[in-house]
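The values are calculated or read from the model by the stated rules, or taken from the named source; none is laboratory data. This one's a predicted model, so the numbers in the text were calculated from it and none came from an experiment. Cβ sites come from the backbone with ideal geometry, for glycine too, and all protein chains shown count toward neighbours. Remember, those area values only see protein heavy atoms, side chains included, never the ligands or the DNA or RNA. Shrake-Rupley method; radii C 1.70, N 1.55, O 1.52, S 1.80 Å.
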Amino acid sequence: MEIYKTEFGSFHNQTIWQYTLTNDNGLKLKVMNYGATLTSIETPDKQEKTARIVIGSGRFNDYLEEDAYFGATIGRVAGRITAGKFSIDGTNYQLPLNDGKNTNHGGPDSFERLLWDSHPFRIPDQVGVRFDLFSPDGSNGFPGNLNVSVSYSLNQKNEWRLHYEATTDKPTLFNPTNHVYFNLSGDLDQKVDHHLLTLNSHRFGEINKDGTPTGRLIDVADTPFDFTQSAVVKRGFESDHPQNKLVNGYDHPFFLDKHGDGPDAVLKEPVSGRQVSMTTTNNAVVVYSGNGLSEKIVMDGKPTKPHLGITLEAQMMPDAIHHEGFGNIILRPGVKYEADTIYQFGLI
Ligand code: BGC
């Protein structure tokens, strides 16, 4: 296994470092300190041809121009907070709005636009980087001085492991995720239409027109949201279901069943034979089928397009602070936040 660092760009006169992590099975992961962002994953297909299987770029400036959060760490709170308002212990907070009348993905210029401290590490059978960030009290309207760290590692079992930790000195909200877009074909001329998805979830979160959750969990049975058995992603692009039509595909949280030993989500691409399995300590996965990608976003010299990638954002249910049963995202002083997500790569 190997890890090495190269200069990737510069931001506010500071060096952007990219770390390349490799294992002995031909997997390669690249991460950078800007946004604690994953910039590339390369894996072999069933013919042993290696290709990049996520949307990313080898040009740092592409990340300054895009607004799709490719591979970035999202925080303090992933997904939308209705009206950017919440209250903890009777104190009301108003966040800046960056998504119509709501706050999305932690507000404007959030974790994904900040420079993190990076600490590479090697332990037996594992290489990785821990990224640390200090988010001061009042950042984007959130209370509490927050110390966050996210560790990315690669091991010989072909697992990309994400481990999050955080502490605060005032009660606050915390619900981070990673926003990687997979395209397992390894060919960014192809959309993800023919990818097959399996989710260990019998209920998904209904959303309003503006993308905020209504608070209602809908049974997936007999809907294009039923991925309890492997199903093709394209059916959500062609469906008449009002929830698919609203967003031109999927942009929905799935409430994870959390029973059985299997992974929470599996994504497969039949032609290349690649597959990724996701397991998380969180209670939800947000599946976003890249509906908003367009030729205005250019990565590595190539314009993107709708449905070019699909995310499996492991997190607690979005807008959990406003909906009973969505889980607790309040972090209190004296408590250490910890969460883990694992993406494991293999062949079908
Ligand atoms: C959101 C989408 C949004 C995308 C890029 C996703 O996680 O749910 O609505 O367009 O991120 O910002």
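Per residue, the convex hull spanned by the Cα atoms of the stretch 1-43 measures out at 52 cubic angstrom. If you model the stretch 1-120 as an ellipsoid using its alpha carbon gyration tensor, with each semi-axis the square root of five times an eigenvalue, the axes come out at 33, 17, 13 Å, biggest first.
What is the local net charge at Ser135, summed over the other residues whose Cβ is closer than 14 Å to its Cβ (Lys, Arg +1; Asp, Glu -1)? Once all neighbours under 14 Å are counted, the net charge is -4.
Every Cα-Cα pair in the stretch 189-329 was counted, and those over 25 Å apart are 25% of them. The accessible-area ordering, largest first, of the residues Lys209, Lys170, Lys49 stands as Lys209, Lys49, Lys170, per a 1.4 angstrom probe.
What are the lysines whose alpha-carbon lies under 22 Å from the alpha-carbon of Lys85, with same-chain residues fewer than 8 places away excluded? Answer for Lys85, where 22 Å is the Cα cut-off: Lys101, Lys170, Lys209, listed by chain and number. Simple spin-label estimate for Gln156 and Asp193 gives 4.3 nm between the two label positions (7 Å along the Cα-to-Cβ direction from each Cα).
When the surface is traced with a 1.4 Å probe over the full set of protein chains, Ile348 keeps roughly 110 Å² accessible.
What net charge do the residues around Val287 carry, taking every other residue with its C-beta under 12 Å from that of Val287, with Lys and Arg at +1 and Asp and Glu at -1?
On the way: positive: none; negative: Asp251, Asp264, Glu313.
Result for the neighbourhood of Val287: -3.
The heavy atoms of His194 offer some 110 square angstrom of accessible surface to a 1.4 angstrom probe.
Each 10 Å bin from 0 upward holds the following percent of the Cα-Cα pairs of the chain: 6, 26, 37, 25, 6, 0. The solvent-accessible area of Asp219, taken with every protein chain present and a 1.4 Å probe, is close to 90 Å².
Relative contact order for the chain: what percent, with Cα pairs under 8 Å and sequence separation of 6 or more?
Taking the mean separation of contacting Cα pairs over the length of the chain, I get 17 percent.
Per residue, the solvent-accessible area of the chain (1.4 Å probe, heavy atoms of protein chains only, all protein chains present) comes to 41 Å².
Once neighbouring chains are kept in place and the probe is 1.4 Å, which whole percent of the accessible area of the stretch 75-220 is contributed by carbon and sulfur? All intermediate terms of the calculation are to be shown ahead of the outcome.
Numbers: 2690 of 5680 Å².
After summing per-atom areas, the C and S share lands at 47 percent.
At 0.36 nm per residue, minus the direct Cα-Cα distance, what do Asn61 and Lys302 gain on full extension? Give it in nm, one decimal, please. Mind showing how you got there, number by number?
Values: separation 241, 0.36 × 241 = 86.76 nm, distance 1.36 nm.
Difference between extended and current length: 85.4 nm.
Net charge near Lys234, counting Lys/Arg +1 and Asp/Glu -1 over other residues with Cβ under 13 Å of its Cβ? Its environment carries a net charge of -1. For the set Arg76, Arg59, the ranking by accessible area, highest first and with no ligand, DNA or RNA atoms included, is Arg59, Arg76 under a 1.4 Å probe. Spin-label model, His241 to Lys209: label points 7 Å out along the Cα-to-beta-carbon direction sit 2.2 nm apart.
Using the scaling law 2.2 N^0.38 Å as the reference, what is the normalised Cα Rg of the stretch 127-245?
Details: Rg = 18.9 Å, N = 119, 2.2 N^0.38 = 13.5 Å.
For the stretch 127-245, the normalised Cα radius of gyration comes out at 1.40.
When the accessible area of the stretch 276-324 is split by element with a 1.4 Å probe, what percent falls to carbon and sulfur? Carbon and sulfur atoms account for 53 percent of the accessible area of the stretch 276-324.
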